[in-house]
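First up is the structure itself, then whatever we jot down about it.
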Amino acid sequence: MGTIDGLPPLREVIRAHDLVAKRQLGQNFLLDLNLTAKIARSAGDLSGCDVLEVGPGPGGLTRGLLAEGARRVLAVEKDARCIPALEEIAASAPGRLEVLLGDALEVDVLAHLTPPIKVVANLPYNVGTELLIRWLSAPWPPYWSSLTLMFQKEVAERIVAKPRTDHYGRLALLAQWRCNVAIVMVLPPEAFTPAPKVHSAVVQLTALAEPRFPCDFGVLQRVTAMAFGQRRKMLRSSLKGMGPGIEGLLESVGIPPTARAEEIGLEQFCALARAVAGQNEALPRA
Ligand code: SAM
């Protein structure tokens, strides 16, 4: 793939623009361009795609995405100090990099992207999970075909977790309901500047053509939030808030009311979400 020529090493960029990392913005930068190219490659063929990158910082991953042949990159960065460095990259890849200054939780990215769209980001740890839930909440079919995301390793493990394991919970269920998921890379703290306290991992989430099992996402979110809010309790008590008929509903979909959330797989949770939605529909309207 082509390189982005004529740009200084990232350490120089950081020095020149005085990009002292700010902890409150979750700034842990990747300065090794071989590594950022490898992360970009883990998102698969980018050549015919627009890529959404959240939090480009000084632009290490941005350079990797462009070098690996992304058709266009939309980079949304909250820290105004990073914009001049990103504009330098944009100048060396004419027409291929659009930089937006703003909060990724607020910017309307869809107005700036053309399908097919992949999301690739080394996410700020403080908003990473919230952004993931938003991408997972997108209407079907999702506007993105895959998400390639760097998280703290513990969060990555929660996304790919299976039932009856410590990390299994709401995040695993919501992600696996609409995606194939896999950890594709694990990075030690020293890969970043400054080094965080914990390991990080890249998760690849590939959108399914349709949900793995039918149910309403909002109901699945509510049921799993309540079930795992008190994960050590039996479901008949953790789900009490669903109404007095919860034991009957659990039994109707083959879940023992004495089971705990971590023992229940995605298919059964989806059946429960359908039963809850059906019951709500059957209630007389006020
Ligand atoms: N992509 C760069 C890299 O890999 O070196 C930086 C990654 S750093 C972990 C996270 C980046 O997200 C920072 O540049 C930070 O300023 C930015 N950021 C933090 N909160 C943000 C938000 N709400 N919206 C957009 N960017 C944000």
*Hey, among Tyr143, Tyr125, which residue is among the aromatic types (Phe, Trp, Tyr), surrounded by fewer than 21 Cβ atoms within 10 Å (Cβ to Cβ) and without any contact (Cβ under 8 Å) to a residue 40 or more places away in the chain?*
Tyr143
*Among the candidates Leu147, Leu123, Leu113, single out the residue that is over 15 Å from the mean Cα position of the chain (by Cα) and among the hydrophobic types (A, V, I, L, M, F, W, C).*
Leu113
_For Lys22: the one exception among (1) touching an Asp or Glu at 6+ places or on another chain (Cβ under 8 Å); (2) farther than 21 Å from Ser200 by Cβ; (3) among the basic types (Lys, Arg)_ = (2)
*Report yes if some residue within the range 198-219 is over 18 Å from the mean Cα position of the chain (by Cα) and part of a helix (DSSP H, G or I); otherwise report no.*
yes
*asked:* If I filter the range 62-74 for residues that are loosely packed, with under 13 Cβ neighbours inside 10 Å and over 22 Å from Val107 (Cβ atoms), do I get at least one hit?
replied: no
*Output the residues belonging to the range 14-30 that are near the ligand (Cβ under 9 Å from one of its atoms) and either not small (Gly, Ala, Ser) or not in a loop (DSSP other than H, G, I, E, B) (or both).*
Leu19, Lys22, Gln24, Leu25, Gln27, Asn28, Phe29, Leu30
*Could you count how many residues in the range 170-189 are more than 23 Å from Trp140 (Cα to Cα) and out of contact with any Ser or Thr (no Cβ under 7 Å at 6 or more places or on another chain)?*
4
*Would you be able to tell me the number of residues in the range 18-31 that are surrounded by fewer than 16 Cβ atoms within 10 Å (Cβ to Cβ) and in contact (Cβ under 8 Å) with a residue 24 or more places away in the chain?*
3
*asked:* Quick check on the range 59-80: of everything there that is closer than 16 Å to Leu33 by Cα and within 6 Å of the ligand (Cβ to nearest atom), which residue is nearest to the chain's Cα centre (by Cα)?
replied: Leu61
*Somewhere in the range 266-282, is a residue at pLDDT below 95, charged (D, E, K, R) and closer than 14 Å to Leu171 by Cα?*
no
_Of all residues making up the range 121-133, the number that are modelled with pLDDT under 95 and more than 9 Å from the ligand (Cβ to nearest atom)_ = 0
*asked:* For a quick check of your reading of the model, give me the residue pairs whose first member lies in the range 226-239 and is crowded, with 19+ Cβ neighbours inside 10 Å, whose second is of a type in the set (Val, Ile, Thr) and outside any loop (DSSP other than H, G, I, E, B), with beta-carbon atoms closer than 7 Å and at least 6 apart or on different chains.
replied: Leu239/Ile246
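The values are calculated or read from the model by the stated rules, or taken from the named source; none is laboratory data. Source: prediction; values computed, not measured. Counting neighbours? That spans all protein chains shown, and the Cβs are built from the backbone with ideal geometry, glycine included.
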